[in-house]
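**Student:** I have a structure here, written as structure tokens, and I will follow up with some questions on it.
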Amino acid sequence: MTGNEQATADELQLAALGHKGELQRNFSPLAMLGLAFAILNSWTALSSSLSLSLPSGGSTSVVWGLITAGVCNLCLAASLAEFLSAYPTAGGQYHWVAVISWKRWVPLLSWITGWINVSGWIALVASGGLLGSQQIVGIISLYNADYMPQRWHQFLIYIAYTVAAFLINAFMNNLLPYVNKAAITWSITGFVVICITVLACASPNYSSAQFVFAEFTNQTGWPDGIAWLLGLLQGGLGLTGYDAVAHMIEEIPNASIEGPRIMIGCVAIGTFTGFVFLVILLFVSGGDIESIISSTAGPLLQILYNATQNRAGAVCLLMFPLICLLFATTSIMTTSSRMTYAFARDGGLPASKYLAKVHGRLGQPLNSLLLTTILTIIFGCIFLGSSSAFNALISASVVALAVSYAIPVAINCLRGRRMLPPRAFVLPSAFAWFANILGVVYVIITSVLFVFPPELPVTGSNMNYCIVAFAIIIIISTGQWFVDGRKNFTGPRTDMGLEVLEAVKSQQTEQQSRDPKLRASAPN
């Protein structure tokens, strides 16, 4: 199939889903993998958020929590990949829910899923700036023991990250594929350089295997079991956001085939690199969890300093994750704006006509990008009033995105896994049921736990305000439903024409005939 024929088939499939292709398909599979990997950026996110898990289980939470989160998220990613192959539209989860739900519940369930997903992505944008600001404040603390970090210092750095990501997205849209390729190259280079350097510098004074794989610490005040489960938030953060592939799917060619591969691949790569990196960090950490947790420089920078015994060297190594976090913030903002655009295109948000416009010259939904940026800055203001705002924003993003992953999977299971049409990517039946159920159970457990306060006793400043954020989302979305949605929102189009189905099926059959892997995964 030639490039023009492929483009026609992609646009035909999108038209069958009720939308005109307004975005350019200028992302190659490698560029899209770069975007997805930049968003997960697992080794960076996991190491930068060690403060979430070290007090809640110590090394056992860091290592085995990641394995637990990795297996469960791989199951969820594989489950969602089937939906993506069948319905490659930027709407993602809320569109899939509309396709498979009971007819009378389609508008409401699609509406709820869309609002949760949009909110989760906007909250996730905040994570990059928060993690980056923590690392920069840590550098100052490493060089100046008398420095007393103020929340507003970190807030200003957070704003700088957010504004930089906005400017790149707004005025460099055509260069984003190259930015994403640079992101994955920089990330992998940083991963290799840091691993080799800290292992060489710390040799032979490594921590024991007992410390790395079995050291348990609980500074939360919660019972040990709950404390360990709360530590899963670190693994959840490092492996969330893979639905970015779905929300950017209208900008890659051969979407129904390449999309599922990229979605599963980015989670697998993220889990592997994250595990290797965290294990290496623990081996070179010096073996004193208490001093790492209490360090004003932050756990990651303190470990790098312990390994190198050189402040300049530790800071130089920290430049890799710092720049990775800027790439991640940029990519998350890109995806968040596309998700907002897609939901507005179906009339799911206030001022939908305004938010669904694609800027003619810039070739992107600029209004949705502006909304994402403004709300991200507003979310960041929470940090000025609460010491646990970091946990709250991270929890809100991880929980919201996970819930949006679980809703279509759960509905499909309740309907006997019979609601998806023929598609290029199909899980074997027995494994599909296992993956679907495990993923949904994981989301239910973690969604409850991640709204718990991070430590006891609970005070006004350490309260987990994630639950407040969800209450605000529920109040606004419910009010908007009764004001407008109940009357006007019908959900996305779900009735693909027979002639379009035949065209799409023909496209997929031809691709499968050329690719043995696809032929093996095709339905019998």
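**Student:** Quick one: check the C-alpha center-to-center distance for segment 472-486 versus segment 321-359, whole angstrom.
**Tutor:** Here the answer is 20 Å between Cα centres.
**Student:** Let me cross-check R417: its accessible surface, 1.4 Å probe, with only protein heavy atoms counted, in Å² to the nearest 10?
**Tutor:** 50
**Student:** With the dipole of the chain worked out from charges on the C-beta (+1 for Lys and Arg, -1 for Asp and Glu) around the Cα centre, which of N310, C466, P299 lies farthest toward the positive end?
**Tutor:** Projecting each Cα onto the dipole axis, the largest value belongs to C466.
**Student:** A further question on this structure: Could I have the simple spin-label model distance between L175 and V71, label points 7 Å from Cα toward Cβ, reported in nm to one decimal?
**Tutor:** Going from the L175 label point to the V71 one covers 4.5 nm.
**Student:** Nearest 20 debye, what's the magnitude of the dipole of segment 33-490 about its Cα centre given +1 on Lys and Arg Cβ and -1 on Asp and Glu Cβ?
**Tutor:** The dipole of segment 33-490 has a size of about 1420 debye.
**Student:** Working with all protein chains in place, sort E258, E215, E250 by solvent-accessible area computed with a 1.4 Å probe, largest first. Walk me through the numbers before you get to the answer.
**Tutor:** Details: E258 35, E215 65, E250 5 Å².
Descending accessible area places them as E215, E258, E250.
**Student:** By how many degrees, 0 to 90 and rounded to 10, does the Cα axis of helix 389-414 deviate from the longest principal axis of the chain?
**Tutor:** The angle comes out near 40 degrees.
**Student:** Can you tell me which of 88-95, 321-328 comes out highest on packing, and rank the rest after it, using the mean Cβ neighbours within 10 Å?
**Tutor:** Listed from highest to lowest mean packing, they are 88-95, 321-328.
**Student:** Averaged per residue, what accessible area in Å² does the chain show with a 1.4 Å probe, protein chains only?
**Tutor:** On the way: 19680 Å² over 524 residues.
Computed with neighbouring chains in place, this is 38 Å² per residue.
**Student:** For each pair in K357/K487; K181/K357; K103/K353, compute the distance between the two Cα atoms and list the pairs where it is over 24 Å.
**Tutor:** K181/K357; K103/K353, as the Cα separations exceed 24 Å there.
**Student:** Sum -39500 (n - 2.57) across every DSSP H segment of at least 4 residues in the chain, then divide by the residue count to get the 222 nm mean residue ellipticity, nearest 500.
**Tutor:** Here the helix-only value at 222 nm equals -23000 deg cm²/dmol.
**Student:** Taking the full set of protein chains and a 1.4 angstrom probe, give the accessible area of D146 in square angstrom, rounded to the nearest 10.
**Tutor:** Using a 1.4 Å probe on the heavy atoms, I get roughly 130 Å².
**Student:** Going toward the positive end of the dipole of the chain, with +1 on Lys and Arg Cβ and -1 on Asp and Glu Cβ, which of W43, T334, P454 do you reach last?
**Tutor:** In the chain, that residue is T334.
**Student:** Right, another one. Could you please report the charge total around N412, scoring K, R as +1 and D, E as -1 over all other residues with beta-carbon less than 12 angstrom from its beta-carbon?
**Tutor:** On the way: positive: R415, R417, R418; negative: E82.
Within the 12 Å Cβ shell, the charges total +2.
**Student:** Can you give me the angle between helix 176-202 and the longest principal axis of the chain, using Cα atoms only, in degrees from 0 to 90, rounded to the nearest 10?
**Tutor:** Result, in degrees: 30.
**Student:** Shifting gears a bit: Is the shape of segment 333-378 best called rounded, prolate or oblate, per the rule: a/c under 1.5 gives rounded, else a/b larger than b/c gives prolate, else oblate, with a ≥ b ≥ c the square roots of the Cα gyration tensor eigenvalues? Don't jump to the answer; show the numbers that get you there.
**Tutor:** Details: a/c = 1.66, a/b = 1.09, b/c = 1.52.
Oblate is the answer for segment 333-378, as a/c is 1.5 or above yet b/c matches or exceeds a/b.
**Student:** Please list the non-local residues whose amide H lies under 5 Å from the amide H of Q364, H modeled 1.01 Å from N, same-chain partners needing a gap of 5 or more.
**Tutor:** The answer is H359.
**Student:** Let me ask something else. Keeping the other protein chains in place, figure out the carbon and sulfur percent of the accessible area of the chain, with a 1.4 Å probe.
**Tutor:** On the way: 13140 of 19680 Å².
Looking at the chain in its full context, I get 67 percent from C and S.
The values are calculated or read from the model by the stated rules, or taken from the named source; none is laboratory data. What you are looking at is a predicted structure, and each value in this text was computed from that prediction instead of being measured. Cβ atoms come from the backbone with ideal geometry, glycine included; neighbour counts cover every protein chain shown. Remember, those area values only see protein heavy atoms, side chains included, never the ligands or the DNA or RNA. Shrake-Rupley method; radii C 1.70, N 1.55, O 1.52, S 1.80 Å.
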